[in-house]
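Notes for the one structure printed next.
Derivation of every value follows stated rules applied to the coordinates shown; laboratory data play no part. Here the structure is a predicted model, which is why all the values come from computation and not from measurement. Cβ: placed from backbone, ideal geometry, glycine included. Neighbour counts: every protein chain shown.
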Amino acid sequence: MDMDRTACYRAISTRDARFDGRLFIGVRTTGIYCRPICPARTPKFENTSFYPSAAAAQEAGFRPCLRCRPETSPDLAFWRGTTNTVSRALALIEAGGLDEADVEGLANRLGVGARQLRRLFRQHVGASPIAVAQTRRILLAKQLIHETSLPMAEVALASGFNSVRRFNETFLEMFGRSPAKLRRIRDKAKREAGALSVRLAYRPPYDWDAMLAFLSMRAIPGVETVSGNVYRRSITIGGDSGVISVAPADRNRVNVAVRFPNMAALPQIIARVRRVFDLAADPDTIGAHLSLDPVLAPLVAARPGLRVPGAWDGFELAVRAIFGQQITVPAATKLLGRLVEAHGAPLPATTRDGEGLEYLFPLPARLAKADLAALGMPGARALAVKSLAQAISADPSIFARGASLEEAIAKLRSLPGIGEWTAQYIAMRELREPDAFPAADIGLLRAMASADGGRPSPAELLSRAERWRPWRAYAALHLWAAGVQRPTASGKIHEREAA
């Protein structure tokens, strides 16, 4: 990846925050790599080298700075739109795609050869897939050491190290000291009532009001709540269950409180929180591109930092989409509450936080055998949910990211009860496809009619949206946000109109 050394040096000399997360500086005289906003004295130009990612700097032999702490920089998906293969690979790595498999296996999931995948990573990230996975593990461990009072054995487990011995060896090799000696403070408040607190960075601006309003409207009773500016939900990973809460914090970060019995699941939990709150988005890049369209420009200006809300679980999202067909958002949410009460497992009392979280969302195996018609929903829709649950039980990887958006849509459409709109919606929120676009959505068609003066057909809207690539999902959110209060003829806002 080509980087203009003069421009990069100017960015670090002025400590330009716009480059935080986009650029990392290796200092040859110290062997340390830093963020552009590092408060340390600016190194001489001839002693610097520049890298597009922390993994690239680390693979070049530099160790993370203890002052600016690269592990706390925004984790930007700036390569999206440049190569979707790399974007999908990075999402899989963040979700643990290299914990149990090798690069060959990762490449197979993406439909490319291992050699091509390594070449793409070198070109766009500046490091190999293995180096990216190792860097994420080390930086998460370093963050937990600095910000929590977890015992070192639990830090090793929570950051994905297979053994405490390997964890200690890595830190001795990189920092010349044991992990325990890196810990400067022990903030006991970080783990009150058995909860672990971690802060995740994002690039501003961020439209928190829009995000929380979206999640609040769709919060499943007993499973999710939004109170004030805090989102809470029950979670299941493997055979364990717990609760998380997410709230905006200072300095462009979110605070994530986790109450979960198995800390080995922490990387997965963090990856899912990033996905739900779209923390890897680069609003400047996305906004600048969409603002080239005269229809979208005023919408982007009115809502800078609008994100695409993600989903915690693909099956849960698909069930919600099927339940919401032809009924309002509140009606679908109420029906989901009845589903959870009838078929969801009770949340263990030890993990409840007294904020209305009582159940876990039903597993596919449970709904595959359930009598859903008893909930008072149409038989065809109940059959669709049951058939979907049976399909997911047989193949849990159905909602995994594939080689392309088109392939993912085709795979989703083969499932019972999932048409084009639902497939595109799942691709937007669960698969995190930034270019997914439900062109037949009535809300999008009405929003464009309001903007252009004439309601387009789905085909015309799809053609119009070509100029919005590769950020069509964000364009859809801006159109939905602009028209979400427009009622139907019956005075109701339907699931498809409010997304």
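Relative to the present Cα-Cα distance, how much length would full extension add between ALA365 and ARG10 at 0.36 nm per residue of separation?
122.1 nm
Based on Cα coordinates alone, diagonalise the gyration tensor for region 236-321, multiply each eigenvalue by 5, take square roots, and list the semi-axes in whole Å, largest first.
That gives 31, 16, 10 Å for the three semi-axes.
Given the DSSP H assignment, sum -39500 (n - 2.57) over each helix run of at least 4 residues in the chain and divide by its residue total; what's the result at 222 nm in deg cm²/dmol, nearest 500?
-12500 deg cm²/dmol
With θ set to phi - 60°, apply the Karplus curve 6.51 cos²θ - 1.76 cosθ + 1.60 along region 159-171 and write out the HN-Hα couplings as whole Hz, x wherever there is a Gly or Pro.
Per residue, the Karplus-derived 3J(HN,Hα) values read 9, x, 6, 6, 8, 5, 4, 5, 4, 5, 4, 4, 6 Hz.
Under a crude label model (7 Å from the Cα following the beta-carbon direction), how far is PHE45 from ARG115 in nanometres?
With each label placed 7 Å out from Cα toward Cβ, I get 4.0 nm.
For Cα pairs less than 8 Å apart in space and 6+ apart in sequence, what is the mean separation divided by the residue count of region 5-52, i.e. the relative contact order in percent?
42
What Kirkwood radius, in Å to one decimal, follows from the Cα pairs of region 319-403?
14.0
In whole Hz, what ³J(HN,Hα) sequence does region 26-40 give by Karplus (6.51, -1.76, 1.60; θ = phi - 60°), x for Gly and Pro?
x, 10, 5, 6, 10, x, 10, 10, 10, 8, x, 9, 4, x, 5
Can I get the semi-axes of the chain's equivalent ellipsoid? Compute them from the C-alpha gyration tensor as square roots of 5 times the eigenvalues, in angstrom, largest first.
38, 28, 21
With just the Cα atoms defining each centre, how far is region 1-41 from region 345-380? Give it in Å.
50
Let's see if you can work this out: charge +1 on each Lys and Arg Cβ, -1 on each Asp and Glu Cβ, no other charges. What is the dipole magnitude of the chain about its Cα centre, in debye to the nearest 20?
Here the chain has a charge dipole of around 1200 debye.
Isolated Cys in the chain by the 4.7 Å beta carbon test?
CYS8
Can you classify region 1-75 as rounded, prolate or oblate using the Cα gyration tensor, where a ≥ b ≥ c are the square roots of its eigenvalues, rounded means a/c under 1.5, and otherwise it's prolate if a/b beats b/c and oblate if not?
Note, shape of region 1-75 comes out rounded.
What base-10 log of the normalised intensity I(q)/I(0) is obtained for region 143-289 from the Debye formula, alpha carbons as equal point scatterers, at q = 0.10, 0.16, 0.19 Å⁻¹?
-0.41, -0.96, -1.21
Zone of ASP209 (label point 7 Å along Cα→Cβ, backbone N under 17 Å): which residues in region 299-313?
Inside the label zone: 299-307.
Say a paramagnetic label sat at a point 7 Å from the Cα of ALA288, along Cα to Cβ; which residues of region 7-35 have their backbone N under 16 Å from it?
Of the residues in region 7-35, 7-8, 11, 16-23 have backbone N under 16 Å from the label point off ALA288.
For ARG338 and GLN326, compute 0.36 nm times the residue count separating them, minus their Cα-Cα distance, and round to one decimal in nm.
2.5 nm
Tell me, what ³J(HN,Hα) does each residue in region 282-290 have, in order and in whole Hz, if you take phi through Karplus 6.51 cos²θ - 1.76 cosθ + 1.60 with θ = phi - 60° and put x for Gly and Pro?
Result, rounded to whole Hz: 10, x, 5, 5, 5, x, 4, 5, 5.
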